[in-house]
Amino acid sequence: KNKEDRLFMRFFIFPAKPVELDKQGRFTIPKPFLNYAGIEKDLVLLGAIQKIEIWSLENWEGLFKYSEDQIESLTKKIKDFDF
């Protein structure tokens, strides 16, 4: 990515919050992020290439169900995806 792209991303993700790990390597997700994601109890932790996404289980299942119908067309496009 170029310098402008990185600058835009830093601005866009401005609300990032540092967190500390406890002795067992755990961290607490700040309440505003839980609220934004709609996480009340169960969550899904998703490895997304260079990122980690945290979803409420309900929202993830909804997205996954919606996406199932599009998988075939997406797999045809994956050859052009730049990892």
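The values are calculated or read from the model by the stated rules, or taken from the named source; none is laboratory data. Just so we're clear, the structure is a prediction, and the values are computed from it rather than from any experiment. Note: areas computed on protein heavy atoms with side chains; ligands, DNA, RNA excluded. Shrake-Rupley method; radii C 1.70, N 1.55, O 1.52, S 1.80 Å.
Dividing the summed helix terms, -39500 (n - 2.57) for each DSSP H run of n ≥ 4, by the number of residues in the chain produces a 222 nm estimate of -12000 deg cm²/dmol to the nearest 500.
Of the solvent-accessible surface of the chain, computed with a 1.4 Å probe over protein heavy atoms with every protein chain present, carbon and sulfur atoms account for 58 percent. Within the chain, all pairs of alpha-carbon atoms sorted by distance into 5 Å bins from zero give the percentages 3, 10, 13, 19, 20, 16, 13, 5, 1, 0.
In the full protein context, the chain carries 101 Å² of accessible surface per residue, based on a 1.4 Å probe and ignoring ligands, DNA and RNA.
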